[in-house]
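The values are calculated or read from the model by the stated rules, or taken from the named source; none is laboratory data. Note that the coordinates shown come from a computational prediction; the quantities given were computed from them, not determined experimentally. Positions of Cβ are backbone-derived with ideal geometry, glycine not excepted, and every protein chain shown enters the neighbour counts. We work out accessible area using only protein heavy atoms, side chains counted, and drop any ligands, DNA or RNA first. Shrake-Rupley method; radii C 1.70, N 1.55, O 1.52, S 1.80 Å.
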Amino acid sequence: MRNLILCGAPGSGKGTQSDLIVEKYGLLHLSTGDLLRAEISKQSELGQKIDSIISKGNLLPDDMMITLLEQHIASLPEHTKGIIFDGFPRTENQAIELESLMKRSGDETAVLIDLHVDEKETIQRLINRGKTSGRSDDNEDTIRKRLVVYHKQTEPVADFYRKLNKYQRVDGMGTVDSIFQRIDEILKDIYY
Ligand code: AP5
Ligand code: MG
């Protein structure tokens, strides 16, 4: 399987662009944020713990996140084309774990696409979404915290994939369709 990593700050459009990629290329969308929110909605003890972390804008500890991800991947149906990892890996440690998982399963990460959006724009997008999303982290204080966490903990992941020659930066400003065209330029060589 040739998998894709979609990376970028909160509100950079990872989920929005994933939907378009799924539509055109039939990849399987795996958003770790969605996975965690599904756990929260079960109102389990684990869900409550996750909720208290997400609503503060912090990341789940790596070991907890990796265990949940591996369990989820094991439950997926056989899928030949590939997975879009949206919001994972978010730390260098997670990147190391993902690459080791790929080796063990005989799969690969083909490319990391890093969506770049001005900070003012991401904040505005998320404040707007917060009016209807019901997400406990879509309020201005938590949005700012998420951005700090992103710069500190997730940006090093870009360097990790740069060194593997798998890094592609994409301008994430403009209309949804124009951004998808930029992504498509990269994907059409990988997935035909
Ligand atoms: P996660 O759910 O991944 O949230 P995020 O990374 O903060 O990103 P968002 O989902 O908010 O934004 P997005 O980039 O998907 O943008 P979207 O397309 O929705 O993670 C949430 C939390 O879970 C984390 O903070 C952490 O606590 C935890 N977590 C998740 N993964 C983890 C991991 N690996 N390790 C540890 N913890 C983890 O777009 C945003 C809005 O903008 C939408 O309203 C959309 O309609 C709009 N929009 C999109 N594109 C455009 C455009 N071109 N123009 C105008 N508006 C646009
Ligand atoms: Mg998202």
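Answer with yes or no whether R37 is within 12 Å of ligand 1 (Cβ to nearest atom) and part of a loop (DSSP other than H, G, I, E, B). Against the criterion (within 12 Å of ligand 1 (Cβ to nearest atom) and part of a loop (DSSP other than H, G, I, E, B)), R37 does not qualify. Only residues that are open to solvent by 20 Å² or more (accessible area, probe 1.4 Å) and within 15 Å of ligand 2 (Cβ to nearest atom) were counted across segment 133-147, and they come to 5. Considering the conditions (1) more than 13 Å from ligand 2 (Cβ to nearest atom); (2) under 18 Å from the mean Cα position of the chain (by Cα); (3) among the charged types (D, E, K, R); (4) open to solvent by 30 Å² or more (accessible area, probe 1.4 Å), R129 is excluded by exactly one of them, (1). Taking the conditions exactly as written (over 17 Å from C7 (Cβ atoms) and either among the aliphatic types (A, V, I, L, M) or surrounded by 13 or more Cβ atoms within 10 Å (Cβ to Cβ) (or both)), does L30 satisfy them or not? Spelling it out, it is not the case that L30 is over 17 Å from C7 (Cβ atoms) and either among the aliphatic types (A, V, I, L, M) or surrounded by 13 or more Cβ atoms within 10 Å (Cβ to Cβ) (or both). Filtering segment 49-106 to residues that are outside any helix (DSSP H, G or I), open to solvent by 10 Å² or more (accessible area, probe 1.4 Å), touching a Leu at 6+ places or on another chain (Cβ under 8 Å) and more than 16 Å from ligand 2 (Cβ to nearest atom) leaves L76, H79, K81, T91.
Scanning segment 107-126 for residues that are within 19 Å of L4 (Cα to Cα) and open to solvent by less than 50 Å² (accessible area, probe 1.4 Å) yields D107, T109, A110, V111, L112, I113, D114, L115. Scan segment 33-49 for residues that are among the charged types (D, E, K, R) and under 20 Å from C7 (Cβ atoms) and the total you get is 2.
Restricting attention to segment 25-42, the residues that are away from ligand 2 (no atom under 13 Å from the Cβ) and touching a residue at least 60 places away in the same chain (Cβ under 8 Å) total 2. Filtering segment 9-24 to residues that are open to solvent by 10 Å² or more (accessible area, probe 1.4 Å) and under 19 Å from Q181 (Cα atoms) leaves G11, G13, K14, G15, T16, D19, L20, V22, E23, K24. Of D159, D184, all but one fail to be within 29 Å of N93 (Cα to Cα) and touching a strand residue (DSSP E or B) at 6+ places or on another chain (Cβ under 9 Å); the exception is D159. For segment 13-24, the criterion of being away from ligand 2 (no atom under 16 Å from the Cβ), more than 14 Å from the chain's Cα centre (by Cα) and at pLDDT 95 or above is met by at least one residue. Filtering K188, K145, K166, K152 for residues that are without any contact (Cβ under 8 Å) to a residue 40 or more places away in the chain and closer than 29 Å to I54 by Cβ leaves a single hit, K152.
Residues are listed down the side, and each one gets a yes or a no for (1) more than 22 Å from I83 (Cβ to Cβ); (2) part of a helix (DSSP H, G or I); (3) open to solvent by less than 80 Å² (accessible area, probe 1.4 Å):
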position: V149; (1), (2), (3): yes, yes, yes
position: T154; (1), (2), (3): no, yes, yes
position: D159; (1), (2), (3): yes, yes, yes
position: S178; (1), (2), (3): yes, yes, yes
position: Q181; (1), (2), (3): yes, yes, no
position: I190; (1), (2), (3): no, yes, yes
